[in-house]
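Read-outs throughout are calculated quantities, based only on the coordinates presented, and are distinct from any laboratory measurement. Note that the structure is predicted; figures quoted are calculated from it, not measured. For neighbour counting, all protein chains shown are included, and Cβ atoms are generated from backbone atoms with ideal geometry for every residue, glycine included.
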Amino acid sequence: MDFGNYLALIAPELLISISGLVLLLITAWVGDSAARPVSILAALVLGVACFMVGPALLEGAAGPDTSAFAGQFRADGFAAFAKMLIYVSGIACLMIAPPFFERLGAMRAEYPVLILFAVLGTGIMVSSGNLITLYIGLELSSLAAYVLASFLPGSGRSAEAGLKYFILGALASGILLYGMSLVYGFTGTTDFTLIRAAMALELSTGALFGLIFVLAGLAFKIAAVPFHMWTPDVYEGAPTPVTTFFASAPKVAAVALTVRVSLDAFGLQADAWRQIVIFAALASIVLGALGAIGQDNLKRLLAYSSINNVGFILIGLAAGTPQGASAVLVYLAIYVVMTIGSFVAILMLRDAEGSYVENIRDIAGLSRAKPVIALILAGMMLSLAGLPPMFGFWGKFVVFQAAVQADLILLAALGIAASVIGAFYYLKVVKVMFFDEPAGVVQGRSETGHWVLLIAMAIIVSPLGYLLTIPLGLLADRAAVSLFLLP
Amino acid sequence: MLLTIAFYLFATVVIASAVMVIMSRNPVHSVLWLILSFFNAAGLMVLVGAEFIAMLLVIVYVGAVAVLFLFVVMMLDIDFASMRAGFVRNAPLGIIIALILLAELVLGIGAYRAGALVLGTPDGTAAPLMFESNIESIGALLYSRYLFLFESAGIILLVAMIGAIVLTHRERPAAHRRAHQDIGKQVRRKPEDATVNASPAIGKGIDL
């Protein structure tokens, strides 16, 4: 065993965990007055981690050289792509959190530390090459997420969100573990490559049950229908910066993990899981769109929007080709940008007393009070709807293209038809902001950090984002290929 | 010979203390009997050569679980009269459970007579021992092949601990200051600071 090589492969994880421990000591000694410096240091650490995964992403690392600890950990291009998205969303959540919590008098220095450990867990998830690694990464990120969801003291909704997330997350973990035990029992191994080899010839009924339970447990984590029930409540109840985190980093990790498990461990039995993925995709698109229509809370609306978007992502997975996996990655990258942009815009809406505005009613006529925020939020909504001038259209385009080329024309047609339903409620938000009588609720100024993030995300989502299509597609293609180099 | 004596000693104490767990009237005594039972079970494990399990029994069960039990039992205010009240009503259910356990015991002894289970790897051969003792073998695996997972699991426990502290430990600065006792201030206090000698006129009140 070449330990030096292994340590080099897990360098980003080592950096994040060691700096997490050091920052934890700082918070323990200095106390909550260190919250801001610790947040800045944590963001810097994630920035450095971005540069550490950069080379693997650029050269599309693949093959046996990228696997460490007897295949338990994979530092390939696919993992690097997902980690880059995770680290960037972690930095965004660290930037927007201090003003929010300070205004509510609830900033604790443990917040950046917990975000770091959650990011570490999600990073382990996307790098897993073994069922045990998968579970440990998942639990690490979930445990930190449960605490983050109930981070606001004295807020009943925040505590409810944390408890709900915890109970349903524990249930999902139970389902996942049950599936993993069946897969282990019927294949005799927990290693993805060996499971793939054991399933190459035939799929026993027990292993099929295991596969279904594993996918059901993962569907909980990515909030795909029919395992989506927790999403609106948790997204609404959790503090907004934490909701931003939930909608970005763990979602990217869970989707990437699902893609890896499906294409790698269960890759030779694609027929067994394709129908499940197709059902979850269509059901998520339709239910996400229909459920959003009646909502009057912006965070709930975005929760349904995330369910809807997961449906489109799963269409790319259903294709089961390198092109499909690449489409999933491109969609994820655009989705993270749109999500962070929308939540940052919501965070910038405050009323005269300084409390945060979340109701759609209250943003009526926002275009007159805050024209720039209204314009950018409208751009985000149109992009989430997938209307052509915005960059969100490109994500949907590549996903449907991959589905059509994998001969899933009916699925693609149904998906496109269902996305029209989704456009309704996105357009409703735009209509309320631009054409309704001003409610005059939103006032006050916003922090510079929020503006920087918002404008950066807005530029990527705007038609200028199409300049990124070629490099983004190239990187995603390289990353996706690293999943398909197996025997 | 010594082994046999030790086995019967440990086994007798395990069974006797297990009986005392359910027989003793005082729940605190029950937990103490349980701890004795765990210790002797650990002794049995040492006798069969599973010293790692023996240490786990002592550290985890005696050190953590049983002490936790003891705290819970001491904190709960249990009304024993009401607990014994339902004995006749629940007796049939208890008898059924006892019969099931008896059947399991008979079957278990029968299966044992038929021959012991052979543990091994999926291809039928027994797994080779890498080192002399269990602890060395487990340690060698945990710190080489499974090092990454082992350390990550440690971080999970750390996050759980941070979470428990963050969610339950709330500082209340105002209340804290009120409750704080400043002995120097108490000692410095003089009678003149606290008492006033007043001589109000008859029929008039006094302004405090």
Original post:
Residues with amide H under 5 Å of residue A:350's amide H, sequence separation 5 or more or different chain, H placed in the peptide plane at 1.01 Å from N; which?
Top reply: A:357, A:443
Subject >> Cβ-based net charge around residue A:248, under 15 Å, with every Lys or Arg adding one and every Asp or Glu removing one >> reply: +4
Original post:
Roughly what angle does helix A:131-149 make with the longest principal axis of chain A, taking Cα atoms, 0 to 90 degrees, to the nearest 10?
Top reply: 10 degrees
**OP:** Quote the charge dipole size of chain A about the Cα centre in Debye, to the nearest 20; the model charges only the Cβ of Lys and Arg (+1) and of Asp and Glu (-1).
**Re:** 640 debye
Original post:
Once label points are set 7 Å from the Cα along Cα→Cβ at both residue A:485 and residue A:171, what is their separation, rounded to one decimal in nm?
Top reply: 4.1 nm
Original post:
Taking 0.36 nm per intervening residue step and subtracting the Cα-Cα distance, what contour gain separates residue A:296 from residue A:421 on full extension?
Top reply: 43.3 nm
Original post:
With all pairs of different alpha carbon atoms counted, what Kirkwood hydrodynamic radius in Å does the stretch A:192-321 show?
Top reply: 15.2 Å
**OP:** With a cut-off of at most 15 other beta carbons within 10 Å, and DSSP calling the residue loop, which trypsin sites (Lys or Arg not before Pro) in the stretch A:377-486 qualify? Please list them.
**Re:** A:445
Subject >> Computed FRET value (nearest 0.05) for residue B:5 with residue B:157, which takes r as the C-beta separation and R₀ as 35 Å >> reply: 0.30
**OP:** Give me the distance in nm between label points sitting 7 Å out from Cα along the Cα-to-Cβ direction at residue B:47 and residue B:26, one decimal.
**Re:** 3.0 nm
Subject >> Unit charges on C-beta of K, R, D, E only; dipole of the stretch A:54-146, Debye >> reply: 200 debye
Subject >> Options A:349, A:366, A:395, ranked by Cα towards positive dipole end of chain A, top entry (Cβ charges) >> reply: A:366
**OP:** List, in order, the whole-Hz ³J(HN,Hα) value for each residue of the stretch A:420-430 obtained from phi through the Karplus relation with A = 6.51, B = -1.76, C = 1.60 and θ = phi - 60°; use x for Gly and Pro.
**Re:** 5, 4, x, 4, 4, 7, 5, 5, 5, 4, 4
**OP:** At a Cα cut-off below 15 Å, give the aspartates and glutamates reachable from residue A:428, other chains included and same-chain residues fewer than 8 away excluded.
**Re:** A:296, A:362, A:436, A:437
Subject >> Range in chain A, longest, excluding exposed GluC sites (Glu not before Pro) [loop by DSSP; at most 14 other beta-carbon atoms within 10 Å] >> reply: A:1-201
Subject >> Rg to Rh, two decimals, where the protein assembly as shown supplies the alpha carbon set and Rh follows Kirkwood >> reply: 1.06
**OP:** Would you kindly calculate the translational diffusion coefficient of the stretch A:393-435, applying Stokes-Einstein with the Kirkwood radius from alpha carbon pairs, for 25 °C and a viscosity of 0.890 mPa s, and quote it in µm² s⁻¹ without decimals?
**Re:** 212 µm²/s
Subject >> Two-site FRET efficiency, residue B:136 against residue B:189, from Cβ-Cβ distance with R₀ of 45 Å, rounded to 0.05 >> reply: 0.10
**OP:** Provide, in order from the shortest bin, the percent of all Cα-Cα pairs of the stretch A:58-190 in each 5 Å bin, continuing until the bin that contains the maximum pair distance.
**Re:** 2, 10, 15, 18, 17, 15, 10, 7, 4, 2, 0
Subject >> Positive-pole candidate from A:183, A:239, A:220, dipole of the stretch A:140-251, charges at beta carbon >> reply: A:239
**OP:** Quick one: what are the phi-derived ³J(HN,Hα) couplings along the stretch B:70-75, Karplus 6.51/-1.76/1.60 with θ = phi - 60°, whole Hz, x for glycine and proline?
**Re:** 4, 4, 4, 5, 5, 7
**OP:** Starting with the fewest neighbours, write out A:152, B:93 ranked by other beta-carbon atoms found within 10 Å of each beta-carbon.
**Re:** B:93, A:152
Subject >> Difference of contour (0.36 nm per residue) and Cα-Cα distance, residue B:71 to residue B:196 >> reply: 40.0 nm
Original post:
When we measure straight from the Cα of residue A:299, which aspartates and glutamates land under 13 angstrom away, once same-chain ones fewer than 8 places off are left out?
Top reply: A:233, A:236, A:358
**OP:** Taking amide H positions as placed in the peptide plane 1.01 Å from N, state which residues far from residue A:128 in sequence (5 or more) or on other chains have amide H under 5 Å from it.
**Re:** A:74
Original post:
Extent of the stretch B:1-76 along each principal axis, from alpha carbon coordinates, in Å, largest to smallest?
Top reply: 45, 25, 11
